[in-house]
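The values are calculated or read from the model by the stated rules, or taken from the named source; none is laboratory data. Since the structure is predicted, the reported quantities are computational estimates derived from the model, not experimental observations. A quick note on method: Cβ atoms are made from the backbone with ideal geometry, for glycine too, and the neighbour counts reach across all protein chains shown.
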Amino acid sequence: MTHLTSQTGFVQSFRICEASAPWMQAGASALRKQVFVQEQALFAGHDRDAIDDLAIPLVAIAENTANGPLVVGTVRIHEETPGIWWGSRLAVAPQWRRVGKLGSELIKLAVGTARARGAVEFHAHVQKQNAVLFRRLHWVVAAEIDLHGRPHVHMLAGLEHYTPIDDPVAGWQISAPSPVEAGT
Ligand SMILES: CC(C)(COP(=O)(O)OP(=O)(O)OC[C@H]1O[C@@H](n2cnc3c(N)ncnc32)[C@H](O)[C@@H]1OP(=O)(O)O)[C@@H](O)C(=O)NCCC(=O)NCCS
């Protein structure tokens, strides 16, 4: 069985980009299921909903794993009404959390992509335990609410802190010392 371990000196490269290819979209769907259905039990069976019909899926891809490129993070964005954008289903695979700031990078891509498309507001319902992460990234709290039986915080991004991103398909690359696949 493949497992992950830390290896001093190994540098993993990640691409943060729009899920423009079917394998990226499939990877994002599988990761969402792993995190929101299996790990967090927020949904039974699957976590897909009507927003998926109009949302833009974004991904973080670990590029040089032993098994080739792998989707290790995802988020989706959609424009609810003209200028009013939402982000949802932010997830990083457990073994890749707090590794390369993938969650933060996905938030930058999400808000930056929406800004380039004319966003005047960017909202999210953030799980309460993650509000600290968003606060550090210049988000403010609008309200506290319960969703799916769990405490959430309705937050808004400080748009002026986010560079508009015109080409999310190209995205960008980051590197970080990280877990690597150690083999069988
Ligand atoms: C929330 C999540 C996406 C963050 O991904 P990540 O790749 O670990 O995030 P980052 O590495 O960018 O974190 C940035 C910083 O926030 C901190 N952080 C991340 N999640 C945190 C949490 N839940 N509580 C406190 N601090 C947190 C990190 O330690 C890091 O701090 P540092 O800058 O001092 O090192 C990930 O933990 C996850 O997928 N959780 C399960 C799914 C989930 O809760 N999704 C809903 C999001 S609303």
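For Val59, state whether it is closer than 21 Å to Cys17 by Cβ and either surrounded by 14 or more Cβ atoms within 10 Å (Cβ to Cβ) or among the small types (Gly, Ala, Ser) (or both).
Considered against the rule, which asks whether it is closer than 21 Å to Cys17 by Cβ and either surrounded by 14 or more Cβ atoms within 10 Å (Cβ to Cβ) or among the small types (Gly, Ala, Ser) (or both), Val59 comes out as yes.
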Going by the structure shown, is Val75 within 29 Å of Phe10 (Cα to Cα) and either over 10 Å from the mean Cα position of the chain (by Cα) or away from the ligand (no atom under 12 Å from the Cβ) (or both)? no
Contact list, first residue from segment 34-62 and farther than 17 Å from Gln127 by Cβ and within 16 Å of the ligand (Cβ to nearest atom), second anywhere and outside any helix (DSSP H, G or I) and acidic (Asp, Glu), beta-carbon distance below 7 Å, six or more apart or interchain, is Leu58/Glu18
Pull out all pairs, ordered by first then second residue, where Cβ-Cβ is under 7 Å, the residues are six or more apart or on different chains, the first lies in segment 135-149 and is within 11 Å of the ligand (Cβ to nearest atom), and the second is among the small types (Gly, Ala, Ser) and at pLDDT 95 or above. Leu137/Ser104; Trp139/Ala157; Trp139/Gly158
Can you find even one residue in segment 40-57 that is part of a strand (DSSP E or B) and touching a helix residue (DSSP H, G or I) at 6+ places or on another chain (Cβ under 6 Å)? yes
